[in-house]
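The values are calculated or read from the model by the stated rules, or taken from the named source; none is laboratory data. Here the structure is a predicted model, which means the values were calculated and not measured. Here Cβ is always computed from backbone atoms with ideal geometry, including for glycine, and neighbour counts include all displayed protein chains.
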Amino acid sequence: MVITRYDLSRSELAELLEGEPNYRITQVWEGLHGQHRDPADLTNVPKPLRSAIEELLPAALTPVRETASDNGSTVKQLWQLGDGYLIESVLMHYRDRSTVCVSSQAGCAMACSFCATGQIGFDRHLTTGEIVEQVVRASQRSGNKRVSNVVFMGMGEPLANFDNVWPAVERIHDDLGIGARKITISTVGVIPGIEQLSRKHLPVSLAVSLHSANDKVRNSIAPINRTYPLRKLAEALQSYKRAKNRRISLEWAMMAGVNDTENAARELAAFAQPLNAHINLIPLNPTPGYTNPGSDTESINWFQEILESFGVNATVRSNRGTDIDAACGQLRAEHRVKLSKRPKV
Ligand code: SAH
């Protein structure tokens, strides 16, 4: 695999640029990370060094296309990786923050039936550099509105790629300067990953895509539940909570007749209460491979009220970028087109 611009640690960069004084390494490191600059724009560094960096450290992401919606406040970026795979990230501006939603894998192996990425299958893990660069590129695009939050809710299952995701989290925190609490890892419930996360010191936020608190239903919509069933997941989340003392949020995409009934709410409340978890209800976004309709607004509001009556906090997540296939679960990066175009490596 080719080493790309954001793959290296600072000491590896110093090694690569052997012979350069320490202050130069700092200038380069700061320029690339703190100021999100391309090597060509490192104007405080001599030109030959700039060119050398450009050659030694190619960008991991080549822009393919950008689409905007919500009056420009949601921007989806489509990237091509060095070996031809396509991934997407989504930049969302809110009144009080700007969030980038990054991908952790090309495709996904979790096969959740209602998720567009799950429907296309798994291609490969992203490298640390490919993940970090998504945040840098979004920051460049974002301009004055500093990217303040990073959510691992794009393509892929971050906790199935822990070895590359965690160094990316550290880089995003230490070098790009984004607070740990403003970095959210979202998982469908990969228990070994949750255990690894609970041993890390950075207090990142954890979201769990639950969608059903009934094993039979969950097995059918999120097949990973057959490997990591609800009882085991609950135990893992309890020990995560004990270790980190952080509130967990549970994601629940609302599917008509599947998980929006009174019984489903009761099961969810029973799962959420001992964890003191917060629930995010997500209106289901349409995807090509799932025909069951999403719950209508009335049912979502009703479901929220029932949860509240059971003493559980729930909010309805506002949807962004549905019209440009940028909303939760809609990222698929024109997978089919890509396969035929992918160059041999
Ligand atoms: N694999 C990780 C992160 C990616 S998905 C995870 O499962 O958490 C990001 C969020 O979008 C998850 O909560 C996921 O369940 C949700 N999602 C997937 N498909 C969706 C859809 N069609 N409509 C609404 N949300 C969806």
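Val100 passes all but one of (1) in a loop (DSSP other than H, G, I, E, B); (2) in the same structural domain as Asn161 (by TED's automatic domain parsing); which number fails? For Val100, the failing item is (1). Scanning the range 194-243 for residues that are within 14 Å of the ligand (Cβ to nearest atom) and among the basic types (Lys, Arg) yields one hit, Arg218.
Residue-wise test of (1) crowded, with 17+ Cβ neighbours inside 10 Å; (2) in contact with a Phe, Trp or Tyr (Cβ under 9 Å, 6 or more places away or on another chain); (3) in contact (Cβ under 8 Å) with a residue 12 or more places away in the chain; (4) assigned by TED's automatic domain parsing to the domain that holds Ser142.
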residue: Ile3; (1), (2), (3), (4): no, no, yes, no
residue: Arg10; (1), (2), (3), (4): no, yes, yes, no
residue: Glu30; (1), (2), (3), (4): no, no, no, no
residue: His36; (1), (2), (3), (4): yes, no, yes, no
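Going by the conditions given, is Glu133 buried (at least 20 other Cβ atoms within 10 Å of the Cβ) and assigned to a helix (DSSP H, G or I)? Spelling it out, Glu133 is indeed buried (at least 20 other Cβ atoms within 10 Å of the Cβ) and assigned to a helix (DSSP H, G or I). Applying the selection to the range 53-77, what residues are under 16 Å from Gly154 (Cα atoms) and buried (at least 18 other Cβ atoms within 10 Å of the Cβ)? Within the range 53-77, Leu61, Thr74, Val75, Lys76, Gln77 meet the criteria. Which of the residues spanning the range 222-233 are surrounded by fewer than 16 Cβ atoms within 10 Å (Cβ to Cβ) and without any contact (Cβ under 8 Å) to a residue 40 or more places away in the chain? Answer for the range 222-233, where residues must be surrounded by fewer than 16 Cβ atoms within 10 Å (Cβ to Cβ) and without any contact (Cβ under 8 Å) to a residue 40 or more places away in the chain: Arg226, Thr227, Pro229, Arg231. Total residues in the range 301-320 satisfying the condition of being assigned to a helix (DSSP H, G or I), under 15 Å from Ala270 (Cα atoms) and touching a residue at least 12 places away in the same chain (Cβ under 8 Å): the figure is 4.
Total residues in the range 69-93 satisfying the condition of being within 20 Å of Thr117 (Cα to Cα) and outside any loop (DSSP other than H, G, I, E, B): the figure is 14. When the criteria are applied in full, Ser309 fails the requirement of being within 14 Å of the ligand (Cβ to nearest atom) and at pLDDT 95 or above.
Given the criteria more than 13 Å from the ligand (Cβ to nearest atom) and either at pLDDT 95 or above or among the aromatic types (Phe, Trp, Tyr) (or both), does Lys145 qualify? Spelling it out, it is not the case that Lys145 is more than 13 Å from the ligand (Cβ to nearest atom) and either at pLDDT 95 or above or among the aromatic types (Phe, Trp, Tyr) (or both). Figure legend. Inter-residue proximity from the range 239-262: first residues at pLDDT below 95, second residues part of a loop (DSSP other than H, G, I, E, B) and of a type outside the set (D, E, K, R), beta-carbon distance below 8 Å, spacing 6+ or different chains. Indicated pairs: Lys244/Pro203; Arg246/Pro203; Arg247/Asn276; Arg247/Ala277.
Checking the structure you have, find out if any residue of the range 325-344 is at pLDDT 95 or above and more than 23 Å from Val90 (Cβ to Cβ). So far as the range 325-344 goes, no, none of its residues is at pLDDT 95 or above and more than 23 Å from Val90 (Cβ to Cβ). The helices (runs of 4 or more DSSP H) found wholly in the range 141-221 and carrying at least 3 residues that are buried (at least 21 other Cβ atoms within 10 Å of the Cβ) and out of contact with any Phe, Trp or Tyr (no Cβ under 7 Å at 6 or more places or on another chain) occupy 162-174.
Contact annotation: residue pairs with Cβ atoms under 8 Å, 6 or more positions apart or on different chains, pairing a residue in the range 272-288 that is part of a strand (DSSP E or B) with a partner that is more than 12 Å from the ligand (Cβ to nearest atom) and of a type in the set (Ser, Thr, Tyr), are His278/Thr315; Ile279/Thr315; Asn280/Thr315; Leu281/Thr315; Pro283/Thr297.
Scanning the range 48-68 for residues that are in contact with a Leu (Cβ under 6 Å, 6 or more places away or on another chain) and in a strand (DSSP E or B) gives Val64, Arg65. Evaluating Val45 against the criteria (1) over 29 Å from the mean Cα position of the chain (by Cα); (2) surrounded by 12 or more Cβ atoms within 10 Å (Cβ to Cβ); (3) without any contact (Cβ under 8 Å) to a residue 12 or more places away in the chain; (4) assigned to a loop (DSSP other than H, G, I, E, B) leaves one unmet condition, (3).
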